[in-house]
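Some notes on the structure that comes next.
The values are calculated or read from the model by the stated rules, or taken from the named source; none is laboratory data. Treat the numbers as computed from the prediction; the structure is a model and nothing was measured. Don't worry about glycine lacking a Cβ; one is built from the backbone with ideal geometry, like all the others, and counts go over all protein chains shown. To get the accessible areas, we keep the full protein, side chains included, count just its heavy atoms, and leave off ligands, DNA and RNA. Shrake-Rupley method; radii C 1.70, N 1.55, O 1.52, S 1.80 Å.
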Amino acid sequence: MKLDDIISVYFIGAGGIGMSALIRYFLALGKRVAGYDRTPSPLTAKLIAEGAAIRFDDNESRIPESFRDKYTTLVVYTPAVPASHRELTYFRENGFEVLKRSQTLGLITNSSRGLCFAGTHGKTTTSSMTAHILKQSKVDCNAFLGGILKTYDSNLMLSEHSDLTVIEADEYDRSFHFLTPYMAVVTSADPDHLDIYGTPQAYRESFEKFTSLIRPGGVLVMKKGIDLTPDLQPGVGLYTYSASDTTADFHAENIRIGNGEALFDFVSPELRLEDVRLGVPVRTNIENGIAAMAIASLNGVTPGEMRAAMKSYAGTQRRFDFQIKQGRVVYIDDYAHHPRELRSCILSVKELYGGRKVTGVFQPHLYTRTRDFADDFASALSLLDELILLDIYPAREEPIPGVTSEMIFDKATVRDKKLCRKEALMELLEKETLDVLVTLGAGDIDRYVEPVREMLNEKYG
């Protein structure tokens with residue numbers, strides 16, 4: 001099916017952050033858009049307000065008539081939806097064009113120059129930073145992102161003249177193998193999704209396959225020191241980046257963090273740009289910023305444009321997202337759901353707020369991830385001064401006997417730790433004496449961000 005032939009697009013799993021960018025893209029093209037998601041959310045409410053007809057009951061008899069023509073309707077689904085889903089089964093059995101989200105993204109972006117960002121962690125922030133830099137420069141870009149950029153209140157950017165397209169390349173279910181990057185960034189390759197890949201080796205091999213998809217004449221920018229052997233086609237350039245290793249092609253020097261600010265010098269093979277100021281001043285964003293500036297500079301963004309954009313970057317929702325930053329309490333929300341991400345986030349918080357008590361609320365995501373990395377989760381969470389641990393968010397998985405949050409809780413060495421049911425979280429936090437609070441996780445803990453913020457504002461003024 002060609003894009004020009006599509007009149008209607010039906011999304012199954014419409015509330016996912018990656019799916020929402022595609023929904024907005026097809027709405028911008030003037031297509032009819034409808035779909036299904038399991039539960040309402042603030043994001044689905046926004047999509048409905050923007051024109052998408054989203055329902056929350058899996059019932060094929062209620063699919064609108066205008067989405068029942070298999071010759072003009074494209075069906076897009078997320079792999080998190082079970083194969084037994086009734087609407088998905090209906091479309092498959094009746095001969096519709098049914099594509100994964102990643103296949104649809106590949107279809108859209110194959111005709112453009114894709115700037116694809118992959119990695120176990122760091123890809124959302126790095127791709128968002130890059131999109132912001134390009135958008136604020138004369139170069140411009142399109143972008144399909146995995147987070148809502150605060151400056152634009154969207155995860156979709158469209159350009160009338162640029163053929164550069166920033167893409168967050170998702171490794172889950174090998175989805176990024178449908179992309180053909182012009183340039184690619186690999187931020188990390190720490191094992192994850194072992195329910196899909198089976199072994200850490202298979203996970204790394206999937207990233208190596210991704211690097212082989214970069215077009216001849218393109219570029220790979222890879223974090224220096226990660227356990228990955230690129231498989232590049234002839235004519236593909238290779239660069240490394242780092243926040244700490246000055247032998248990397250793109251790196252930082254003269255890092256200064258304090259008084260709520262973070263500055264560094266950006267060093268590339270062609271340039272030294274001094275006193276770059278981060279709009280979101282945490283240490284992890286220095287490394288993310290180096291990668292983003294590397295791609296921006298390779299695509300013609302000027303030093304002055306890069307400096308201004310890095311300072312004005314306001315971040316994405318749920319990535320070290322300050323909810324309250326003044327008064328008697330600090331509240332940060334973060335999407336961290338892998339042990340390495342948790343460690344990085346907690347250390348960044350403690351660096352910013354040395355000497356203050358840091359309380360973390362963590363919702364584990366997936367039974368398999370909890371089972372596979374329980375020791376690493378416990379080690380990272382033990383950096384907190386106080387831990388509140390919620391039940392596992394199952395997402396697409398069925399329970400695994402013996403796998404619960406207690407696997408992490410029992411191993412965590414933090415002295416002040418509590419197990420808490422999600423439904424009892426607000427009551428518990430209201431009784432707590434809080435100084436710096438961080439909510440962490442990739443499940444539905446985001447539903448509590450606004451109530452927690454309102455409660456803290458009322459309690460601490």
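Here are some notes:
- Matching residues, region 131-156, being open to solvent by 10 Å² or more (accessible area, probe 1.4 Å), part of a loop (DSSP other than H, G, I, E, B) and modelled with pLDDT of 95 or more: Q136, S137, K138, V139, D140
- Scanning region 65-87 for residues that are more than 19 Å from I196 (Cβ to Cβ) and either touching a Lys or Arg at 6+ places or on another chain (Cβ under 9 Å) or not aromatic (F, W, Y) (or both) yields a total of 13.
- Residues in region 79-105 that are among the hydrophobic types (A, V, I, L, M, F, W, C) and at pLDDT below 90 were compared, and the one that is most open to solvent (accessible area, probe 1.4 Å) is A83.
- Of the set (1) closer than 28 Å to F266 by Cβ; (2) touching a residue at least 40 places away in the same chain (Cβ under 8 Å), all apply to M222 but (2).
- Whichever residue in region 166-201 is open to solvent by 40 Å² or more (accessible area, probe 1.4 Å) and under 26 Å from I286 (Cβ atoms) and, among such residues, is modelled with the lowest pLDDT: D170
- Scan of region 88-105 for residues that are under 18 Å from A34 (Cα atoms) and in a helix (DSSP H, G or I), ordered by number: L88, T89, Y90, F91, R92, R101, T104, L105
- Consider region 106-125 and keep the residues that are touching a helix residue (DSSP H, G or I) at 6+ places or on another chain (Cβ under 6 Å) and assigned to a helix (DSSP H, G or I). The one that is nearest to T211 (Cα to Cα) is G106.
- Some residue of region 128-138 being touching a Ser or Thr at 6+ places or on another chain (Cβ under 7 Å) and under 14 Å from T316 (Cα atoms): yes
- Long-range neighbours under 8 Å by Cβ, at least six apart or interchain, first residue touching a residue at least 60 places away in the same chain (Cβ under 8 Å) within region 380-407, second not in a loop (DSSP other than H, G, I, E, B): A395/H365; E397/D195; E397/Y367; E397/T368
- Matching residues, region 225-240, being in a strand (DSSP E or B) and free of Cβ contacts under 8 Å to residues at least 24 places away in the same chain: G237, L238, T240
- Output for region 202-226, where each listed residue is open to solvent by 50 Å² or more (accessible area, probe 1.4 Å), small (G, A, S) and either under 20 Å from the mean Cα position of the chain (by Cα) or closer than 26 Å to A252 by Cβ (or both): G225
- Scanning region 244-262 for residues that are open to solvent by less than 20 Å² (accessible area, probe 1.4 Å) and at pLDDT 95 or above yields a total of 4.
- Count of region 254-291 residues which are part of a helix (DSSP H, G or I) and of a type outside the set (A, V, I, L, M): 5
- Failed item, numbered, when D170 is tested on (1) in contact (Cβ under 8 Å) with a residue 12 or more places away in the chain; (2) on the phi > 0 side of the Ramachandran plot; (3) of a type in the set (D, E): (2)
- Count of residues meeting criterion [open to solvent by 20 Å² or more (accessible area, probe 1.4 Å), under 24 Å from the mean Cα position of the chain (by Cα) and not charged (D, E, K, R)] in region 266-286: 2
- Residue match in region 395-404 (condition: more than 23 Å from Y367 (Cα to Cα) and surrounded by fewer than 19 Cβ atoms within 10 Å (Cβ to Cβ)): no
- Within region 73-87, the only residue that satisfies the criterion of being over 15 Å from I7 (Cβ atoms), of a type in the set (S, T, Y) and not in a loop (DSSP other than H, G, I, E, B) is Y77.
- Options S159, S128; residue that is open to solvent by less than 10 Å² (accessible area, probe 1.4 Å), hydroxyl-bearing (S, T, Y) and in contact with a helix residue (DSSP H, G or I) (Cβ under 9 Å, 6 or more places away or on another chain): S128
- Every condition in (1) of a type in the set (S, T, Y); (2) at pLDDT 95 or above; (3) under 24 Å from S41 (Cα atoms) holds for T413 except the one numbered (3).
- Screening L105, L99, L134 for residues that are of a type in the set (A, V, I, L, M, F, W, C) and farther than 29 Å from D5 by Cβ leaves exactly one candidate, L134.
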